[in-house]
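Below is one structure, written out as structure tokens; the observations come after it.
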Amino acid sequence: MLDPSALAARLDTVRDRIARAAGRAGRDPSSIRLVAISKTFPAEYIRAAAAAGQRDFGENKVQEALAKMDALADLPLNWHLVGHLQSNKARKAGGRFDFVHSVDDAALLRRLDEGAREAGRRIQLLVQIDLAGEPTKHGAPQDELAGLLAAADGLSAARIVGLMLLPPAVDEPGQARPYFRTLLRLRDGLIRQGVAPSLLRELSMGMSHDYEVAIEEGATMVRVGSAIFGPRPQP
Ligand SMILES: *Cc1c(COP(=O)(O)O)cnc(C)c1O
């Protein structure tokens with residue numbers, strides 16, 4: 001059951017913790033974007049979070065997201081796709097989302113760009129990196145990254161703005177720290193090699209159980225679901 005005041009209180013707690021983690025790292029809290037991951041929750045939950053000042057929402061399935069966008073078209077929200085994108089849905093996604101965090105190959109880049117261009121919109125893309133090399137995971141292997149970033153030159157309505165990481169599940173938040181740190185080092189290394197910093201401005205990393213650690217390690221976007229909306233029903 002939706003309890004708007006409890007939701008607003010959880011949102012406040014997350015904002016406080018973001019500010020404190022930023023403080024520990026000597027960072028400006030306003031440099032960190034909170035993306036509220038609303039997957040599986042009905043549109044009214046998003047409306048309640050929006051009433052409490054939240055603007056950025058993330059979904060992991062295109063169809064589910066489009067239905068919520070339609071239901072909430074009266075609100076000025078930013079929509080993020082954080083889940084794996086099938087290539088047959090990429091063009092449509094390109095025309096509706098503001099950010100896609102899960103780009104992992106050049107064909108997806110092109111289709112998202114086409115979709116955004118046809119819709120007369122702009123879209124910001126993050127390349128999802130597979131650091132752990134787990135075969136079941138999505139994400140571009142590190143050695144394909146330079147090629148993907150080079151494809152940025154050919155885009156018209158889409159821009160690559162950063163990297164996204166979904167590390168393996170760990171028991172303790174601190175165990176995710178080495179992954180976050182590796183992503184930061186990878187980014188810094190690419191910039192040293194001459195990749196334009198504007199392509200690597202954003203680091204999307206950190207979820208409900210480890211967003212504070214991610215912020216200490218340089219996250220500019222944290223993707224927080226259950227800490228805001230409550231536990232999701234298990235599939
Ligand atoms: C579901 C999801 C999240 C949010 O997870 P929580 O643990 O509920 O915060 C973040 N990122 C991705 C890619 C997700 O699929």
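The values are calculated or read from the model by the stated rules, or taken from the named source; none is laboratory data. A quick note: this is a predicted structure, and the numbers were derived from the prediction, not measured. Because the Cβ atoms are built from the backbone with ideal geometry, glycine has one as well, and the counts that use them run over all protein chains shown. Accessible surface areas use protein heavy atoms only, side chains included; no ligands, DNA or RNA. Shrake-Rupley method; radii C 1.70, N 1.55, O 1.52, S 1.80 Å.
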| request: Of the conditions (1) touching a helix residue (DSSP H, G or I) at 6+ places or on another chain (Cβ under 6 Å); (2) closer than 30 Å to Gln86 by Cβ; (3) assigned to a loop (DSSP other than H, G, I, E, B), Thr40 clears all except one; give me its number. | output: (1)
| message | Need the failing condition index for Gly194 against (1) on the phi > 0 side of the Ramachandran plot; (2) open to solvent by less than 50 Å² (accessible area, probe 1.4 Å); (3) more than 12 Å from the ligand (Cβ to nearest atom); (4) not aromatic (Phe, Trp, Tyr), just the number. | response | (2)
| note | Within segment 202-216, residues being crowded, with 23+ Cβ neighbours inside 10 Å and more than 8 Å from the ligand (Cβ to nearest atom) number 7
| request: Tell me which residues, restricted to segment 88-108, are within 17 Å of Gly120 (Cβ to Cβ) and of a type in the set (Phe, Trp, Tyr). | output: Phe97
| task | Considering only residues that are closer than 12 Å to Ala214 by Cα and touching an Asp or Glu at 6+ places or on another chain (Cβ under 7 Å), look in segment 149-191 and name the one that is surrounded by the fewest Cβ atoms within 10 Å (Cβ to Cβ). | result | Arg181
| request: For residues that are of a type in the set (D, E, K, R) and within 16 Å of the ligand (Cβ to nearest atom), scanning just segment 121-179, find the one that is modelled with the highest pLDDT. | output: Glu172
| Listed residues Glu64, Glu44, Glu59; which is among the acidic types (Asp, Glu), under 17 Å from Ser208 (Cα atoms) and in contact (Cβ under 8 Å) with a residue 24 or more places away in the chain? | Glu59
| note | Within segment 16-41, residues being closer than 19 Å to Glu212 by Cα and either touching a residue at least 40 places away in the same chain (Cβ under 8 Å) or open to solvent by 80 Å² or more (accessible area, probe 1.4 Å) (or both) number 18
| said: Can you pull out every residue in segment 26-46 that is within 13 Å of the ligand (Cβ to nearest atom) and closer than 25 Å to Ala158 by Cβ? | reply: Leu34, Val35, Ala36, Ile37, Ser38, Lys39
| task | Report, by residue number, each residue of segment 126-148 that is outside any loop (DSSP other than H, G, I, E, B) and either open to solvent by 70 Å² or more (accessible area, probe 1.4 Å) or under 13 Å from Met205 (Cα atoms) (or both). | result | Leu126, Val127, Gln128, Ile129, Asp130, Gln142, Asp143, Glu144
